[in-house]
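What follows is a set of notes on a single structure, which appears directly below.
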Amino acid sequence: MNAVRTTTGVPLPPASGAWREGDPQGRRRWHLRERPLPLEAGGELPGVRLAFETWGRPAPDRSNAVLVLHALTGDSHAAGPAEPGHPTRGWWDGLIGPGRALDTERWFVVAPNVLGGCQGSTGPSSPRPDGRHWGSSFPALTQRDQVAAEAGLADALDIDRWALVIGGSMGGMRALEWAVAHPQRTNALLLLATTAAASAEQIAWARTQLHAIRGDPHWSGGDYHDTGRAPHAGLGLARRIAHVTYRSEPELQVRFGRTPQGTEDPRNGGRYQVESYLDHHAAKLVHRFDAGSYVVLADAMNTHDVGRGRGGTSAALRRVTARTLVAGVSSDRLYPLAQQAELAAGIPTADHLRVIESPYGHDGFLIELEQVAALVRELLDQER
């Protein structure tokens, strides 16, 4: 079948950007759960497999293990070059490695691909026990389900207690869940650009993106993996919407303004530079991600509420015993600083709210590596 092409002429994958059996393994390793995973909403998920990557060596007592948790469209490839099996450079490459903040000469760093994801972990693009793709039959997940799967990985690696759990955005939701659900297993905690519970606006933005995917005629109710077609247009539109929320208005204005793209004339069907920028990020995502995983993970983020069934947010945050730093991004309009201030005030072991100064909006926690590195070192230096 001929590949579908975007408006920029870039060929799209035939069905999904997910990693599939037979693709290059890259640096991935796998943990296969022996028993089905009980789910918070009821039922269970059989055949759970998590892809993960590691850097450094574990100490004999595993006391030097650090858990790094990715955001919505991230994966286990937190560090390292683009290579077969990994289409992009590590998303926190400047943070992990010899002599860096997460110094792999000292720390054993573990980064799993989240349950429900599409880069080696069990998700909608994965085969069910009967060999067919999960597709629309993949169950709804919550952050608690995902952390339960990660706890199984920790058990398999003989890690009783993480020296540090770190995550931003969706990864920060899971990091917080680790510290609340497993306080005895979380020694230090770094929460970046995240929240105690998804807000109405965050839910609204996510739902808008999900409508874009589900409204694509090739969505096929989520069962598109064997059709030779996929909701690339819907996933691309979801990415465009999301990316606007990830950046700040002043940055977009300074960077692009009203400038046309090249010789294109916006008055005659051409694009502005900012449109070309969004098209670029949409095309990149459909090459490396799966629409079904986007739906499952965005829905899981919408369920995030650390206080659910725990007596409310304040009671849940009081469960945290890990030494904690909470940081937000000064220009973040998707996860505003007030949400991180609530976390810093409610976690008994947290220091004052730290602010990452950045013009880049929510993406600042991925871009401002020097400021994030300083926070990591501040926590880990106390382990010496």
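The values are calculated or read from the model by the stated rules, or taken from the named source; none is laboratory data. The structure presented is a predicted model; accordingly, all values stated were derived computationally and were not measured. Heads up, the Cβs are rebuilt from the backbone with ideal geometry, glycines too, and the neighbour counts pull from every protein chain shown. For the accessible areas, the whole protein counts, side chains as well, though only heavy atoms, and no ligand, DNA or RNA atoms are used. Shrake-Rupley method; radii C 1.70, N 1.55, O 1.52, S 1.80 Å.
Remind me, relative contact order of the range 201-311 in percent, using alpha carbon pairs under 8 angstrom and six or more residues apart?
Worked out over the range 201-311, it gives 28 percent.
What whole-number value in Å² describes the accessible area per residue of the chain for a 1.4 Å probe?
For the chain, the solvent-accessible area averages 41 Å² per residue.
Over the chain, what is the relative contact order in percent, taking alpha-carbon pairs closer than 8 angstrom and at least six residues apart? Could you put the intermediate results ahead of the total?
On the way: 827 pairs, mean separation 71.2, N = 384.
Taking the mean separation of contacting Cα pairs over the length of the chain, I get 19 percent.
Using a cut-off of 13 Å between beta-carbons, work out the net charge of the residues near R258 (Lys and Arg +1, Asp and Glu -1, R258 not included).
Around R258, the surrounding residues sum to 0.
Obtain the nm distance between the two label points defined at A374 and D23 by a simple spin-label model: each point lies 7 Å from its Cα along the Cα-to-C-beta direction.
Here the modelled spin labels are 3.7 nm apart.
Could you rank D61, D93 by how accessible they are, 1.4 Å probe, largest area first?
Order by accessible area, largest first: D61, D93.
Would you kindly state the longest site-free stretch of the chain, with sites defined as GluC sites (Glu not before Pro) in a DSSP loop (not H, G, I, E, B) surrounded by at most 13 other Cβ atoms within 10 Å?
106-356
How big is the C-alpha Rg of the range 198-308 next to the rule-of-thumb value 2.2 N^0.38 Å, as a ratio?
Its radius of gyration relative to the 2.2 N^0.38 Å reference: 1.21.
What are the radius of gyration and Dmax of the range 49-112, computed over its Cα atoms and given in Å?
Cα radius of gyration and Dmax of the range 49-112 are 11.6, 34 Å respectively.
Take M301, M173 and sort them by solvent-accessible surface of the protein heavy atoms, 1.4 Å probe, largest at the top.
Order by accessible area, largest first: M301, M173.
Does the range 1-153 come out rounded, prolate or oblate, given a ≥ b ≥ c as the square roots of the eigenvalues of its C-alpha gyration tensor, rounded meaning a/c under 1.5 and, failing that, prolate meaning a/b above b/c?
Because a/c hits 1.5 or more and a/b fails to exceed b/c, the range 1-153 counts as oblate.
Over the range 41-102, what is the relative contact order in percent, taking alpha-carbon pairs closer than 8 angstrom and at least six residues apart?
Reported as a whole number, the value is 20 percent.
Give the residues of the range 345-364 whose amide nitrogen is closer than 20 Å to a point set 7 Å from the Cα of S199 in the direction of its Cβ.
It comes to 345-347, 353-364, nothing else.
Using a 1.4 Å probe on the protein chains only, how many percent of the accessible area of the chain belongs to carbon and sulfur?
Looking at the chain in its full context, I get 52 percent from C and S.
From zero outward in steps of 20 Å, how is the percent of C-alpha pairs of the chain spread across the bins?
Bins of 20 Å from zero give 29, 60, 11, 0 percent of pairs.
In Å and whole numbers, how far do the C-alpha atoms of the range 246-321 stretch along each principal axis, longest first?
58, 30, 21
Keeping all protein chains in the complex and leaving out DNA, RNA and ligands, what accessible area do you get for T259 with a 1.4 Å probe, in Å² to the nearest 10?
60 Å²
For the range 236-384, just list the percent of Cα-Cα distances falling in each 10 Å bin from zero outward, please.
10, 27, 32, 21, 7, 3, 0
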